[in-house]
1. Defining a contact as two alpha carbons under 8 Å apart and six or more residues distant in sequence, what relative contact order in percent does segment C:115-229 show?
2. Taking 7 Å along the Cα-to-C-beta vector as the label spot, tell me the A:L226-B:E69 distance in nanometres, rounded to one decimal.
3. Using the Kyte-Doolittle scale, find the helices of chain C whose mean hydropathy is at least -1.0 and whose Cα atoms extend 30 Å or more along the helix's long axis, counting only whole DSSP H runs.
4. How would you order C:263-274, C:99-110 from highest to lowest mean count of nearby Cβ atoms within 10 Å?
5. Per residue, how large is the accessible surface of chain C? Use a 1.4 angstrom probe and give square angstrom.
6. Indicate the gyration tensor shape class of chain C (rounded, prolate or oblate), computed on the Cα atoms with a ≥ b ≥ c the square roots of the eigenvalues: a/c under 1.5 is rounded; otherwise a/b larger than b/c is prolate and the rest oblate.
7. Would you mind telling me the share, in percent, of accessible area of the protein assembly as shown contributed by carbon and sulfur at probe 1.4 angstrom?
8. Can you give me the solvent accessible area of B:R192 with a 1.4 Å probe, rounded to the nearest 10 Å²?
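The values are calculated or read from the model by the stated rules, or taken from the named source; none is laboratory data. Just so we're clear, the structure is a prediction, and the values are computed from it rather than from any experiment. Positions of Cβ are generated from backbone atoms using ideal geometry, with glycine treated the same way; all protein chains shown enter the neighbour counts. Each accessible area value is taken on the protein alone, full model and side chains, heavy atoms only, with ligands, DNA and RNA left out. Shrake-Rupley method; radii C 1.70, N 1.55, O 1.52, S 1.80 Å.
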Amino acid sequence: MTIVTSSAPAEIHAPNRPRRITPGRILLILTLTLGLAATLLPFVWMLLGAFKTNAEIMRRPVTWWPQAPTMDNFRAWFVDFDMSRYFFNSVFLALVAVATTLLFCSMVGWALAKLEFPGKRVLIGVVLSTMFVPGIVTLIPTFVLVANFNMVGTYWGMILPGMVGAFGVFLMRQFMLEIPDSLLDAARIDGAGEFRIFGGIVMPLCRAPLATLAIFTFMGSWNGFLWPLIVAQRESLYTLPVALALYTSPTGDKGAEFGLQMAGSVLIIVPVLLVFIAMQKHFVQGIAMTGIK
Amino acid sequence: MSGTTARRAAIAASVAAVALTSIAACGRSDAGESPGGDATGTVADTATGEIEIWAAAGNGDALRTLGEEFTTENPDVSITVTEIPWGEIITMNQTAVASGTGPDIVMTGADQTASVIAMGGLAPVPDGVMDVDALYPAAIASVTGETGLYSVPWYVETRFLFYRADIAAELGLDAPTTWAELEELSTAYATRPGGEFGFGLPRPIENPAQVIVPFTSQAGGAVADEDGWTFDTPEFVEALEFYQGFFERGESPLSETEATFENGGSPMFISGPWMVGIYEEMIASGAAPEGFTQESVGFVPMPAGSANNNSYIGGGNLGVFASSDNQESSWLFLSWLQEDAQQKKLFDLTGSFPARQESADYQPILDSPVMTVLKEQMPDTVETPSYPSWSQIAEQIGIYAERVAHGELSSQDAAKAIQAEADSVGFGW
Amino acid sequence: MRTTPPRSGRLVSLTARRRRTAAVAWLFAAPFVVSFGVFGVVPLVSSLGMAFTDLRVTDIRNPFNVDFVGFENFVTVLGDSTFQRALRNTLGFVVFGVPLSLFSALVLAVMLNALGRRLATVFRVGYYTPVVTTIVAVAVVWRIMYQPNGLINSLLATVGIDGPNWLGNPLTALPALTLMAVWRSIGSSMVIFLAGLQAIPTEVKEAAAVDGATTLQSFFRITIPMMTPTILLNAILTTTGFMQFFDEPFVMTNGGPLQSTTSIALYVFNQFQWGNYSVGAAGAYVLFAIISIFAIVQFRFLRQRT
């Protein structure tokens, strides 16, 4: 096979020339930093709030730096509150979601992008339509369906409806459209089968969109609240956001626990950011697609 | 290509045809069906099997503890408790009823019970489960459906007036006991040097029906009778005027503000007993502003209008899910929870006020100043209108109250408009 | 799809080839289509059907025991003054918010693309963070920032501007929430644009530079056209997301003040909370229709030109 593909562009930086410190560059970094500071402001307040007592958070005028810093909120999460079960559920569901979504969506996205078949337009239209309807409308019918399959209160019930996200299909299709046909035709001429082309050429070229989809799918699953709550029906199946809502909600003899909420929110964010950092390494300039002239 | 277009059109047409034929197959039968079925069940002598309970957040542990005690007397039963957030109770009941799968016992807030009754999610309460006369009338009203009682009140709560006792003393005023005194104190608070607001009422976008309905009752009226809604009445208009008056005079903030109770900017509000604990914590942790001590926190029953000083009743109700397969044992458990000893135990566990009136004669309650006020207020309560359409109408009240508070509409016109909306929606059964 | 005849000498008929391709295509699509057919299409069709009946909370036990009412719910919805207000608010929000969000994300992605690896990582994570935060937690912060004497007005005061009561004034509440929504959404679009930028080979840009094109020319003549599928993707995603504007009005203002921030999605949600399921469904499908129109327009406008 004489197809030139590169599956290891990881060492290449973009752009591929020595970086000089130009005034333009400094201005660029400065602008980006200012924007970043503005963007992160609410998050910083939240982070600092995790170290404050409830009373201090409610104080007006607001304080930024904790005047009476406390680790009580975090201690409550790790010690008083058994996170392990909910953490496991969240991780498990998120990993399954990412694996299935990446596989299914890339396959059907490929079919929709580069293969011709009857019903293609209808399929795209129907898939996209599901994105256009607010989730609350299909909530009850979906639940009734899951109940009819006896999947309420099981992991299956929590996984299956999430596997049909139109977002992933559309994302993969759009990226795959950019793959040059000449590359594919050359492979076909050389006798490669469609599955071989898919696995050997297309997927390696799709590192960036796959990483993107992984990030979004992980985040969607990890932050999911309503559906896991409704389907789980047993505390042993609850995920972290559900547990967070329960643990911090006001009851008869206490008000809303802002400190716990802030600390909990910070804890929930951390894994998603870690996944993001890991995945965004794949946003690398692809020299691969230029193998064919 | 005409071929594909024709094919696409054919597919669309057939999908539509299928959808429409299945809809056409729908149709209401004339036979009326009362929610939850007609027959009232029976109560078991001893409980057996499994009982699954959906508890609202914060009540899970109490139910587990009480459940364990119940199991020692009824060893053949096992009780599991799942906590769900308050805000999702309606949604979870919707999905449970729609699919026919659900728990055995369902907990609802006093303002949610009517909706769940309307869904057909609750079974009627059999005779003998609860002693209706022993409970607060407003609590009984919150579990009443069109054809009977559908849940058992478990605990109750109500709101009363909190005010800055220290500032009032400085101004030479006592705790208000009437509307006039309330207005006087509010104005005094707002106009004092360094003062900002006088009364932190719920803002028009924060469900003001929660105070307007009690105000209506205090003025001698009600928002509904057996035949329909009664908003176009002098009492409701009077309540609306009273509410919006505080905003008109600038004594209540219309938007987010930095004025709080503890910094004296908003020295009065209506709330419940847990606020005492919050302020205790604030003072103990040193986060309280200068001069704010536990003595600053004053609380008294609601000031009276021309008729009474009714406040809103809230609380938790426990009912048996209509599709439950273990109803007899569930009723036994609920009946047991109603007993005096268990009601007192509940207070020990969560600080929730017993729905059983006599259980309030309990030393820890009597010893607590704030609980004593709660006890005093509790008989003088009015329930959230227990109709499925209430939340929709409460929203309309909020919308129109906001327009009145902004000076866009008069209270009379608002009352008429709310009446019109309410009439078009009905009770929702 | 162009197929050149195989050079091996064996003649395969075009229809057989097409049939085989179609079969292969369906094989690829099968896993998704099967699960989608069950969990995606069925609830969609049944909720659409709901909109043509008078299903309410009291019917939930016997959902087929309802009457067919034709387009009555749609008439009710479109005639409801609250819905009309929600429609105006939502469209205003979309018309201003989507271009702002897309443009900012694109500029951001291009800027980040010009940085070195490590620096880019820090900025990418930072700008993505708002996407990941839970609305409830950040709502507290934003409310504080928008207070009449809060952070935003304090900053405006330093340049001599007397800031309004953002969330309390019916004229400024929607712009305030728009800003908040844009803040939350830039990160996602940025990530997708970044991924899309990677598909553009450096050789092409370098060739253009050699030919004397400036950065700006290169940007508009090469980068943007090559990014068309990605731009279309983001346009549709962002528009769809913004049309379903719910979190901010629900958590921050409950649709107020004076209905200035109520949205269609909030309207639908309320109808479901009140048990008016069929009316809610009708409202949702009106929203669906509007989003579809936007999508079709965007598909036409941003059709991939090869």
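1. Computed over segment C:115-229, the figure is 23 percent.
2. Each label point lies 7 Å from its Cα, and together they span 3.9 nm.
3. Those that pass (Cα extent of 30 Å or more, hydropathy at least -1.0) are C:14-36, C:81-113, C:173-198, C:277-301.
4. Result, highest mean first: C:263-274, C:99-110.
5. 43
6. oblate
7. Roughly 60 percent of what the probe reaches on the protein assembly as shown is carbon or sulfur.
8. About 40 Å², rounded to the nearest 10.
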